[in-house]
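Below is one structure, written out as structure tokens; the observations come after it.
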Amino acid sequence: MAEIIIVDTPADAGAVAGAAIALLVDRRPDAVLGVATGSTPLPVYSDLRERLAGRDVSQVRAFALDEYVGIARDHPESYHSIIDAQVTVPLGLTRGLVQVPNGQADDLEQAALEYDAAIRAAGGIDLQLLGIGTDGHIGFNEPGSSFASRTRVKTLTPQTRSDNARFFASVDEVPRHALTQGLGTILEARHLVLLAFGESKAEAVARAVEGPMSARVPATAIHLHPHCTVIVDRAAASQLVDTAFYEYVFANKPAWQGI
Ligand code: PGA
């Protein structure tokens, strides 16, 4: 079962995930991080800014989950731009070691194959950060995605486009397609850390954690992974049934066991 950690605030979640990433980087200076975009991972990045300050992160490698198709790489909302501004620059990572899928490629199928090959060549991802969409997606694996899927182009649901309209002048400007790591790609990371905050994520979290496994809820793929940590605030946990059990398990966790 995935480990469920219920915290009071997104900043607390950022500290839990940030500590795990810092420990990983201490143990493995060329660690391979799987980084995510959206609002959810921001508390992790802001925790890491302080936690990693003074550490040598020049060898740390990173792969983003996804990229829009149909907007320029230098568009402020492209995930190339977002990852650069929110991760690479503030954390002091080496630009050439941070990769984002090439959603601008002429041959997107080839770009997808090359992305999976690059992850494999790096030895795989050590720790993958994940948000969750209100429709249950992880990465841009929308409902119906195969649990065995690899990096490929997906069509964004109207729900996802409307959720992401806040980053654009209007919903019409939100791209309709994205190049995303597949569920099968994500499941190869050695540790998944899924975060969710706020009431708007409560239903998706409950379906992902306690619902039956289904391609209709792509985040239920976490149950196929031997090491997945779900960190949620109380609002995002509000539709979970078994919270007392999750808190009991976490409170009684052996001290030597990290997340
Ligand atoms: P959000 O998006 O972090 O901006 O809520 C999460 C997601 O769509 O995966």
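Once the stretch 135-150 is narrowed to residues that are surrounded by fewer than 18 Cβ atoms within 10 Å (Cβ to Cβ) and under 23 Å from R161 (Cβ atoms), the residue that is nearest to the ligand (Cβ to nearest atom) is P143. Examine the stretch 169-188 for a residue that is under 14 Å from V35 (Cα atoms), touching a Ser or Thr at 6+ places or on another chain (Cβ under 6 Å) and either of a type in the set (D, E, K, R) or surrounded by fewer than 23 Cβ atoms within 10 Å (Cβ to Cβ) (or both), and state whether such a residue exists. Scanning the stretch 169-188, I find no residue that is under 14 Å from V35 (Cα atoms), touching a Ser or Thr at 6+ places or on another chain (Cβ under 6 Å) and either of a type in the set (D, E, K, R) or surrounded by fewer than 23 Cβ atoms within 10 Å (Cβ to Cβ) (or both), so the answer is no.
Is it true that some residue in the stretch 137-144 is of a type in the set (G, A, S) and closer than 15 Å to A221 by Cβ?
For the stretch 137-144, residues of a type in the set (G, A, S) and closer than 15 Å to A221 by Cβ: present.
Within the stretch 13-36, restricting attention to residues that are closer than 27 Å to N164 by Cα and without any contact (Cβ under 8 Å) to a residue 60 or more places away in the chain, the residue that is surrounded by the most Cβ atoms within 10 Å (Cβ to Cβ) is G14.
Name the one entry in A64, A85 that is at negative phi, modelled with pLDDT of 95 or more, of a type in the set (A, V, I, L, M, F, W, C) and surrounded by 23 or more Cβ atoms within 10 Å (Cβ to Cβ).
Values: A85 fails: surrounded by 23 or more Cβ atoms within 10 Å (Cβ to Cβ).
None of the other options fit; the residue is A64.
Among the residues making up the stretch 198-216, those that are surrounded by fewer than 24 Cβ atoms within 10 Å (Cβ to Cβ) and either part of a loop (DSSP other than H, G, I, E, B) or basic (K, R) (or both) are G198, R207, G211, P212, M213, S214, A215, R216.
In the set A112, A169, only one residue is in a helix (DSSP H, G or I) and more than 17 Å from the chain's Cα centre (by Cα); that residue is A112.
Selection over the stretch 151-166 of residues that are closer than 26 Å to A237 by Cα and either part of a strand (DSSP E or B) or within 13 Å of the ligand (Cβ to nearest atom) (or both) gives a count of 10. On the stretch given as the stretch 117-134, residues that are more than 12 Å from the ligand (Cβ to nearest atom), outside any loop (DSSP other than H, G, I, E, B) and within 16 Å of the chain's Cα centre (by Cα) total 3.
The residues listed here are L65, L48, L42; of these, the one that is within 20 Å of G131 (Cα to Cα), in contact with a strand residue (DSSP E or B) (Cβ under 9 Å, 6 or more places away or on another chain) and among the hydrophobic types (A, V, I, L, M, F, W, C) is L65.
Just checking, does the stretch 16-24 include any residue being assigned to a strand (DSSP E or B) and hydrophobic (A, V, I, L, M, F, W, C)? Scanning the stretch 16-24, I find no residue that is assigned to a strand (DSSP E or B) and hydrophobic (A, V, I, L, M, F, W, C), so the answer is no. Scan the stretch 37-55 for residues that are under 15 Å from P90 (Cα atoms) and in a loop (DSSP other than H, G, I, E, B) and jot them down. Listed by number, the residues that qualify are T37, P41, L52, A53, G54, R55.
The values are calculated or read from the model by the stated rules, or taken from the named source; none is laboratory data. Being a predicted model, the structure only gives us computed values, none of them experimental. Don't worry about glycine lacking a Cβ; one is built from the backbone with ideal geometry, like all the others, and counts go over all protein chains shown.
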